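Reading through the structure tokens given below for one structure.
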Amino acid sequence: MAPKKKKAKDTPQLDNEQRFDKLEYARVPKRVRRLLVEGKLDMSKHAMNAARRWTENEEHTFLVLAGGVGTGKTIAAAWTIEQACEHHDICFMPAPQLAGFSRYGDSDELRWVLCCDLLVLDDLGMEHLGERGYFLSLFDEVVEERYENERRTVITTNFTGEHFVNRYGQRVADRLREAGLFIEIAEESMRGKEDF
Ligand SMILES: Nc1ncnc2c1ncn2[C@@H]1O[C@H](COP(=O)(O)OP(=O)(O)OP(=O)(O)O)[C@@H](O)[C@H]1O
Ligand SMILES: [Mg+2]
């Protein structure tokens, strides 16, 4: 039976060190872990707002955060992990890393990506598609498996609208549309800004 989902308002009472460890176990990168644990994030940013909505209402299996660089997509996606990290098996996976997995040699890693309770697939679009579109079929499999089993999944990407559909195809886009919130973020980059 699928584990009981938790709502954002039930955020676990872990201390910072425990939260940092949980996030590390999920493979959230150090920079992102630090920003999350410091707790100075602006929750009014579009990506954060969407992440909060998606976490709280649990209506959609997928959340796609699409938009320009530095708009807070990765931070917002990792925030969803922080909300769920006490009780769930969670995986943060950059798409270029997933593209490097072989279906045979890395089967444990792939199973984790397919079956974990919450997956964040970061930087979709930065991967090499590989010979004969290897990544496309792998990504299709990930979406299909997680769609069919209603496993919560957050995707971040710089590909928006038709560019996303052109690259990943109608099959994937159709599933994400039906079972997901597809959010396009048009804010400016926050990188290098002293105050948020
Ligand atoms: N909600 C937030 N509040 C305050 N600062 C933020 C927030 N989100 C992001 N930032 C700042 O913006 C920087 C970039 O955020 P992030 O890495 O999430 O961007 P991104 O949209 O994933 O960019 P890219 O498309 O290049 O991967 C962070 O390092 C952080 O300094
Ligand atoms: Mg990012």
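Observations on the structure shown:
- Gyration tensor verdict on segment 85-196 (Cα atoms; rounded if a/c is under 1.5, prolate if a/b is larger than b/c, oblate otherwise): rounded
- Square roots of 5 times each gyration tensor eigenvalue, C-alpha, the chain, largest first, Å: 24, 20, 16
- Computed extension gain for His128 through Asp89, at 0.36 nm per residue and net of the alpha carbon distance, reaches 11.3 nm.
- Loop-located GluC sites (Glu not before Pro) in segment 15-62, at most 15 other Cβ atoms within 10 Å (DSSP): Glu58, Glu59
- Summing Cβ point charges (Lys, Arg +1; Asp, Glu -1) relative to the Cα centre of the chain gives a dipole of roughly 240 debye.
- What the Cβ-Cβ distance of Asn57 and Cys115 gives, at R0 = 30 Å and to the nearest 0.05, is a FRET efficiency of 0.80.
- Inter-probe distance in nm under a simple model that places probes 7 Å from Cα toward Cβ, at Gln170 and Glu187: 3.5 nm
- Computed FRET value (nearest 0.05) for Val69 with Asp140, which takes r as the C-beta separation and R₀ as 25 Å: 0.45
- Theoretical ellipticity at 222 nm over the chain - DSSP helices of four or more residues, -39500 (n - 2.57) apiece, nearest 500: -14000 deg cm²/dmol
- If you take the Cα centroid of segment 18-32 and the Cα centroid of segment 124-162, the two points sit 23 Å apart.
- Selected from Ala84, Tyr134, Trp112, residue furthest toward positive end of dipole (segment 83-149; charges at beta carbon): Tyr134
- Model label sites at Asp42 and Ser102, defined 7 Å from Cα along the beta-carbon direction, differ in position by 4.6 nm.
- Each of Phe139, Phe159 has some number of other Cβ atoms within 10 Å of its Cβ, and from fewest to most they run Phe159, Phe139.
- Neighbour counts of C-beta atoms inside 10 Å place Arg151, Arg171 in the sequence Arg171, Arg151, starting with the fewest.
FYI, it's all coordinate maths here, none of it is from the lab. What you see is a predicted model; the values in this text were computed from it and never measured. Heads up, the Cβs are rebuilt from the backbone with ideal geometry, glycines too, and the neighbour counts pull from every protein chain shown.
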